[in-house]
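Bear in mind that the values in this text are calculations on the coordinates, not laboratory data. Every value quoted in this text rests on a predicted model; they were computed, and no experiment measured them. For neighbour counting, all protein chains shown are included, and Cβ atoms are generated from backbone atoms with ideal geometry for every residue, glycine included.
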Amino acid sequence: MNVSDNKSVYTDTKQHYAILDGLRGVAAILVVIFHVFESHATSRFDQIVNHGYLAVDFFFVLSGFVIGYAYNDRWGSMTLSGFAKRRLIRLHPMIIIGMVIGAVLFYFQGGEFFPLIQNTAPLEMLVITLIGMTLIPVTPAMDIRGWQEMYPLNGPAWSLFFEYAANILCALVLRKLSNRVLGILLFFAACSTIHLAIFTDKGDVIGGWSFNFEQLHIGIVRLAYPFLAGLLLSRVFTPGRIKHAFLFCSLALIGVLSFPRIGDPTTPWANGVYDAIVILLVFPGIVAIGASGSLRSQFSRKLSGFLGNISYPIYIVHYPLVYIHLEWVHCTDPEAMLAVPVAAGIVLLSLLLAYMSLKLYDIPVRRWLNQRLN
């Protein structure tokens with residue numbers, strides 16, 4: 001995407017922190033790799049790219065920071081409806097295409113791993129598709145896959161549900177709060193994160209994708225601290241000048257998300273400590289460092305731009321392919337000679353599908369919506 005495309009489509013921000021855009025793309029690609037490796041793992045303890053699930057928490061930090069930076073000084077002249085239009089134009093077209101892709105590939109995912117699919121009538125699947133396009137979550141009673149996801153056609157959309165909730169809460173309440181009050185809320189959110197990660201038998205913060213009390217609680221806790229931390233950081237942060245920030249932050253992010261599981265089943269708290277430290281300290285630090293750097297070479301600018309542009313599309317369209325991969329791995333138990341190229345193919349196909357969705361659908365649709373609604 002060239003600069004003119006970027007300006008004409010992304011009208012909801014004053015400017016982009018280019019490095020933060022690139023880091024979002026790094027994290028999104030790691031999510032895809034995490035999900036592909038998850039197909040082959042027998043437990044959380046032997047999975048490669050073990051902490052890829054924490055990318056969602058990193059996204060929430062980025063979201064709080066970018067929304068705070070973009071809108072903190074606009075609320076006096078911008079209406080709530082204007083804010084809502086900007087966010088809907090930015091986020092919702094990809095939600096719709098993600099559900100469409102999930103519906104198109106749904107019956108290719110059926111088998112022993114997802115037995116409910118074979119018994120799902122097309123009309124029932126169509127209803128779930130239409131509901132998913134609105135981002136209204138479905139209850140476990142409406143499950144058509146077997147995982148009790150609030151979006152059975154495209155599981156990762158659960159984080160967009162909480163993203164929307166954060167946007168609404170920010171527009172109605174959080175933007176009016178002082179830094180001191182935000183800091184108090186941040187403290188209690190940090191306590192909730194520590195409790196979830198360390199003082200339960202989970203040993204991690206994984207969860208948030210089902211529409212029931214337990215999973216909604218996990219999702220709210222995962223959203224609260226990262227989003228508030230990013231929002232407060234956007235108010236108090238003064239960018240510095242850090243050389244090679246993109247490289248340093250990218251390597252840090254890759255290392256954090258790829259780090260092996262800590263402890264064993266008898267010491268789940270050990271991994272929980274790791275999750276808590278990463279969420280509470282490391283992710284805000286990466287965002288602060290990334291916002292303090294600049295991209296000096298043309299290659300780094302192009303790479304960061306590509307990663308930023310592809311980040312949201314690849315996150316929201318890759319999982320229907322992963323469902324197929326999961327079913328294939330479960331049914332065939334492939335040898336490494338076959339498993340490795342197929343896994344690599346899923347990652348590359350996800351990139352291709354995301355790029356096509358971006359260029360052929362997302363950019364034109366958002367440009368059209370901007371012309372009609374703004």
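With a sphere of radius 15 Å drawn around the Cβ of Gly110, what net charge do the other residues whose Cβ falls strictly inside it have (Lys, Arg +1; Asp, Glu -1)? Surrounding charge for Gly110 is -3. Look at the dipole of the chain built from charges on Cβ: of Met337, Tyr107, Ala288, the Cα furthest out on the positive end belongs to Ala288.
Remark: spin-label model distance Val273-Arg301 equals 4.6 nm, labels positioned 7 Å along the Cα→Cβ axis. When every alpha-carbon pair in the chain is counted, what percent end up more than 31 Å apart? Of all Cα-Cα distances in the chain, 34 percent exceed 31 Å.
The charge dipole of the chain, taken about its Cα centre with unit charges on the Cβ of Lys, Arg, Asp and Glu (plus for the first two, minus for the last two), comes to roughly 2120 debye.
Take the Cα radius of gyration of the range 217-264 and divide it by 2.2 N^0.38 Å, N being the number of residues; the result is 1.56. Put a dot 7 Å past the Cα of Thr200, heading toward its Cβ, do the same for Asn179, and the two dots end up 3.3 nm apart. Between Ala27, Ala270, Ala288, the residue with the greatest mean-square fluctuation in the GNM of the chain (Cα pairs under 10 Å linked by springs) is Ala270. In the frame of its principal axes, the range 60-117 has Cα extents of 55, 22, 13 Å, reported largest first.
How many percent of all Cα-Cα pairs in the range 282-329 sit more than 15 Å apart? Tail of the P(r) past 15 Å holds 66 percent of the pairs.
Applying the criteria of a DSSP loop state and at most 15 other Cβ atoms within 10 Å to the chymotrypsin sites (Phe, Trp or Tyr not before Pro) of the range 14-95 yields Phe45, Trp75. For the range 201-244, the residues whose amide N sits under 18 Å from a probe point set 7 Å from the Cα of Thr139 along the beta carbon direction are 209-217. Between the exposed loop cleavage positions of the chain, defined as GluC sites (Glu not before Pro) in a non-H, G, I, E, B DSSP state with at most 13 neighbouring beta-carbon atoms within 10 angstrom, the longest gap is 113-334. Shown for the chain: lysine pairs separated by 8 or more places, or found on different chains, whose C-alpha atoms are under 25 Å apart, numbering 12.
Average 1/r across all pairs of distinct alpha carbons in the range 293-374, invert it, and you get the Kirkwood radius: 15.1 Å. Counting only Cα atoms, the size of the range 106-261 along its three principal axes is 56, 37, 32 Å, in decreasing order. Taking trypsin sites (Lys or Arg not before Pro) across the range 47-116, the ones in a DSSP loop with at most 16 further Cβ atoms lying within 10 angstrom of their Cβ are Arg74.
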